[in-house]
Structure formats: structure tokens, C-alpha cells
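This report concerns only the one structure given below.
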Amino acid sequence: MRRSGLLAVALPVACLFVVGPLAGCAAEPSRRPLQTSPIATGAGTTESVRKQLEGTWSLVSFTVFDAAGASRLVEASGSLRYDAFGNLDLTGKVADPASPHASALLFKGRAVVDATGQRIVLTDIEGNVDAAALPPQMAPDKVRHYAFENDRLSLETRDGARVLARTVWTKVR
């Protein structure tokens, strides 16, 4: 009995001598952090454009342009939401008489911002994107050129310098 009593005291004491000093050691990362440049945050940077895009937008107008440059207003409504990470969520309806049928749009994806070229590329699009509902000039795979004016966002698709389509959005919140 005496031996098991000694073992009952000796084992915890031995653990304290081994584990005790280790408890005070600070953990070190297994790898060194990557050396990167600071993220630019001033006007005209990707970060500032993302901040401007962030929020909920309501469609004001949807215009398409023919080869001669003549504009035609498309009957449409919609809501566009961007989050701080570039995720977007679009809900809309196109009821264009020039289209074979009215259609609802409901899709999600990501907006990749090119601040230098003032362009947005949509990626990872999923959901209901009816190609027949949108004029081909505004298909989700088209690059959008953006411009901000106060609480308005203008998105255009272009063929060189010629504007193919334009949507204008107003910031709701």
C-alpha cells in the first residue's frame, strides 16, 4: 500500500516538473509570415472602390445602344447588393418588349475590381441567369466599366470606345 501511495504523489509532482516549465513558453508560428506590401487605401484604389460599392443599390435605368449609337430604354427593375468582400447579389426583372419574354433574374457571384481600368469583372456567377432575358450586351460574362457620381453608380459594357449598354443605380443604403 505504501508503494501505491508514493506513486500517487510522485507522478503528479514529476508531471509538474516536466509540464510546468513548458506552460510558460510562448507559442511560435510554424512558418514566418509572408513579407507583403501595405494595402493601398487612398482614393482610386481597389479598397476605396470596394467601399463605394458596398451596400444596396436600386436600378434607376437600363439602356442599350445599337450599332449606330442610338439608345433604347429597357423596361427593368432590380436591386443589387455588394458586401465588403466583393460578393454581389442581384435580384431583377426585365420586361423588355423587344425580348421574347419577361424574365426574373436572381443570381449571386463576386465582383473583381480593377481600379486602374475602372472595371468590374463578375465571377463565380450562380443562380437564375436567363440569357434570353438580358440583351447580349449585358450578359454576366461582360466586363463592366464603372463610374460613381454622388450616390449613383453607372455600369457600362463597351466594344472598344463604343458603349453597348448602361445601367444606372442609386444607393439605397
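The values are calculated or read from the model by the stated rules, or taken from the named source; none is laboratory data. On a predicted model such as this, the values are computed, not experimentally measured, just so you know. Quick reminder, even Gly has a Cβ in these numbers, built from the backbone with ideal geometry, and neighbours come from all protein chains shown.
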inquiry  = I'm told Arg162 meets every condition in (1) on the phi < 0 side of the Ramachandran plot; (2) charged (D, E, K, R); (3) modelled with pLDDT under 90 except one. Can you identify the failing condition by its number?
reply    = (3)
message = Being of a type in the set (Ser, Thr, Tyr), at pLDDT 90 or above, out of contact with any Ser or Thr (no Cβ under 6 Å at 6 or more places or on another chain) and crowded, with 17+ Cβ neighbours inside 10 Å is the requirement here; does Thr167 meet it?
response = yes
request  = Give Leu90, Leu73, Leu106 a once-over and let me know the one that is modelled with pLDDT under 90 and in contact with a Ser or Thr (Cβ under 8 Å, 6 or more places away or on another chain).
outcome  = Leu106
query = In segment 117-142, which residue that is modelled with pLDDT of 90 or more and among the aliphatic types (A, V, I, L, M) is surrounded by the most Cβ atoms within 10 Å (Cβ to Cβ)?
reply = Ile120
task = Tally the residues that are part of a strand (DSSP E or B) and either closer than 13 Å to His145 by Cβ or not hydrophobic (A, V, I, L, M, F, W, C) (or both), restricting the search to segment 112-121.
result = 5
ask   = Tell me, which residue of segment 27-63 that is among the aliphatic types (A, V, I, L, M) and modelled with pLDDT of 90 or more is nearest to Ser79 (Cα to Cα)?
value = Leu59
ask   = Of all residues in segment 148-164 being more than 21 Å from Thr46 (Cα to Cα) and in contact (Cβ under 8 Å) with a residue 60 or more places away in the chain, which is surrounded by the fewest Cβ atoms within 10 Å (Cβ to Cβ)?
value = Arg162
key: Test result for Phe148, in contact with a helix residue (DSSP H, G or I) (Cβ under 6 Å, 6 or more places away or on another chain) and either modelled with pLDDT under 90 or under 21 Å from Asp83 (Cβ atoms) (or both)   = yes
